[in-house]
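Below: the structure, in structure tokens.
The values are calculated or read from the model by the stated rules, or taken from the named source; none is laboratory data. From a predicted model like this one, the values you see are computed outputs, not experimental measurements. Quick reminder, even Gly has a Cβ in these numbers, built from the backbone with ideal geometry, and neighbours come from all protein chains shown.
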Amino acid sequence: MASICLLQRLLQPIPRQQFEDLVKRLGAQRYIKTFTCWRHLVALVFAQLSGTDGLRQLVAGFQALSPTQRRRLDVRALCRSTLDDANARRPVQWLADVAASLMSRVQHSQRRTAQDAVRLVKVLDSSPFLLKGRWFDVWSARTRTARTQGLKLHLMLQLHGHSPCWLSFTHSNVNDLTEAVLHVRIQRGATYVFDKGYCDYNWWHCIDTQGARFVTRFRSNAALVVEHEMAVPQDAALAGVLHDQAVRFKHKSPRGGHLNLYRGVLRRIYVHRPGHTRALVLATNDMHAPAQEIAQLYKDRWQIELFFKWIKQHLRIRHFLGCSENAVKTQILAALVTYLLLLLHQAAHGLQESTSLWTLLGQLRVKLLAPVPAPGRPRRKPPKPLQTLHSHEQLSLF
């Protein structure tokens, strides 16, 4: 019976012909003869799953592939200098497009099974990657801030399924709000949840006019006028909701002289936090949802923090295979591609409830090169056992 290795099965959600068309359109492997983008991708995913921390260790582990497995994966023996040059010089756009394609595929697979409106909830945040050292300082020291130095990953997480749906890279000195205003596309009917680092009244106005909702926090110095007090039901009070108010902005031009375009009514919800003396003040343009539901949405914003923690702890983006900016971006994108492949593998085999993503990653690392049955080929039926004839029975040929 034909078999493939587990690594080959994990890479099956990436159609090879579409991948080659993408690479050809971008010109990512122009003048490249042997180490193609596909072989580069296999090496990067292998590095993430095998848990290697350096180029030499990766090359040594990659040689464990048998000649048959290399032929089926369309890879060759890996050279350390070739991989190092590809990480440093090959533009990352081809890998970013692969990640975007996998994001849309994950969302499509979840959309067929999820009928609840929670799938339209998207959480926005960013996470820095601290890059300090002799070789990192060559390019990252110019854009460092008082808190960090290196790169910043801006990411939007779809709450249902915990799958990324948008990402972007900037230097550490770029404001989160600036990147969001310029590059985030607002989807009609969706709910966007973000912290008060994205406090911009004109951006809130843009979200509202495009038919989307947002849940965030007011700043402590926001000048507001209370239109009327809304009743707090008993179940909301038990959930920690203290006040529910309809408010408007008091001034058309806040401090700084910029015109405030938001003239509509907002909701201000005070939520009690256990262990804190000050209440959490939430802002939203959703005037109809229950107050406890709004509070729960902002509480669920913590899922994106857990996502950043998960990929930094369990995937290989703490020790980088190269020190250039291009190599760092390549490795972070490879980690996100690996995460998306794990989600698709988990969904394809119905492991969402029985096996967590961390457990699945541990199993894959142990059995990464283990043979598994090739999909799409029916197994042969086992031969029927020979019948044992008793002494009084006779075998008839007719």
Scope region 293-326; condition touching a helix residue (DSSP H, G or I) at 6+ places or on another chain (Cβ under 6 Å), crowded, with 20+ Cβ neighbours inside 10 Å and in a helix (DSSP H, G or I); matching residues: ILE311
All positions within region 336-349 that are at pLDDT 90 or above and more than 17 Å from SER104 (Cα to Cα): none
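The rows are residues; the columns are (1) under 22 Å from the mean Cα position of the chain (by Cα); (2) modelled with pLDDT under 90; (3) assigned by TED's automatic domain parsing to the domain that holds ARG278.
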{"site": "ILE186", "(1), (2), (3)": "yes, no, no"}
{"site": "TYR192", "(1), (2), (3)": "yes, no, no"}
{"site": "TYR201", "(1), (2), (3)": "no, no, no"}
{"site": "ARG217", "(1), (2), (3)": "no, no, yes"}
{"site": "GLU227", "(1), (2), (3)": "no, no, yes"}
{"site": "ALA237", "(1), (2), (3)": "no, yes, yes"}
Residue in region 219-229 that is charged (D, E, K, R) and surrounded by 15 or more Cβ atoms within 10 Å (Cβ to Cβ) present: no
Of residues in region 127-147 being among the aromatic types (Phe, Trp, Tyr) and assigned to a loop (DSSP other than H, G, I, E, B), the one surrounded by the fewest Cβ atoms within 10 Å (Cβ to Cβ): TRP135
Residues satisfying the stated conditions in region 52-65, i.e. over 20 Å from LEU95 (Cβ atoms) and either polar (S, T, N, Q) or not in a helix (DSSP H, G or I) (or both): ASP53, GLY54, GLN57, GLN63, ALA64, LEU65
Candidates VAL42, VAL75, filtered to the one that is within 18 Å of VAL23 (Cα to Cα), touching a helix residue (DSSP H, G or I) at 6+ places or on another chain (Cβ under 8 Å) and outside any helix (DSSP H, G or I): VAL75
Candidates THR338, THR284 - the one that is assigned by TED's automatic domain parsing to the domain that holds PRO15, of a type in the set (Val, Ile, Thr) and either touching a Leu at 6+ places or on another chain (Cβ under 8 Å) or more than 23 Å from PRO91 (Cβ to Cβ) (or both): THR338
Residue that is nearest to the chain's Cα centre (by Cα) [pool: residues in region 19-44 that are crowded, with 20+ Cβ neighbours inside 10 Å and of a type in the set (Val, Ile, Thr)]: VAL42
Residues (surrounded by fewer than 20 Cβ atoms within 10 Å (Cβ to Cβ) and outside any helix (DSSP H, G or I)) located in region 170-189: THR170, HIS171, SER172, ASN173, VAL174, ASN175, ARG185, ILE186, GLN187, ARG188, GLY189
Qualifying residue in region 253-263 (condition: surrounded by 15 or more Cβ atoms within 10 Å (Cβ to Cβ), closer than 27 Å to GLN158 by Cα and modelled with pLDDT under 95): yes
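For (1) of a type in the set (Ser, Thr, Tyr); (2) under 20 Å from LEU315 (Cβ atoms), each residue gets a yes or a no:
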position: TYR31; (1), (2): yes, no
position: VAL42; (1), (2): no, yes
position: LEU49; (1), (2): no, yes
position: GLY54; (1), (2): no, yes
position: ARG71; (1), (2): no, no
position: PRO91; (1), (2): no, no
position: LEU95; (1), (2): no, yes
position: LEU102; (1), (2): no, yes
Where a residue in region 158-171 is outside the structural domain of ALA335 (by TED's automatic domain parsing) and its partner, wherever it lies, is crowded, with 18+ Cβ neighbours inside 10 Å and among the aromatic types (Phe, Trp, Tyr), with Cβ under 9 Å and at least six apart: HIS162/PHE307; SER163/TYR339; PRO164/PHE307; PRO164/TYR339
Tally, over region 25-70, of residues that are of a type in the set (Phe, Trp, Tyr) and either outside the structural domain of THR338 (by TED's automatic domain parsing) or in contact (Cβ under 8 Å) with a residue 60 or more places away in the chain (or both): 1
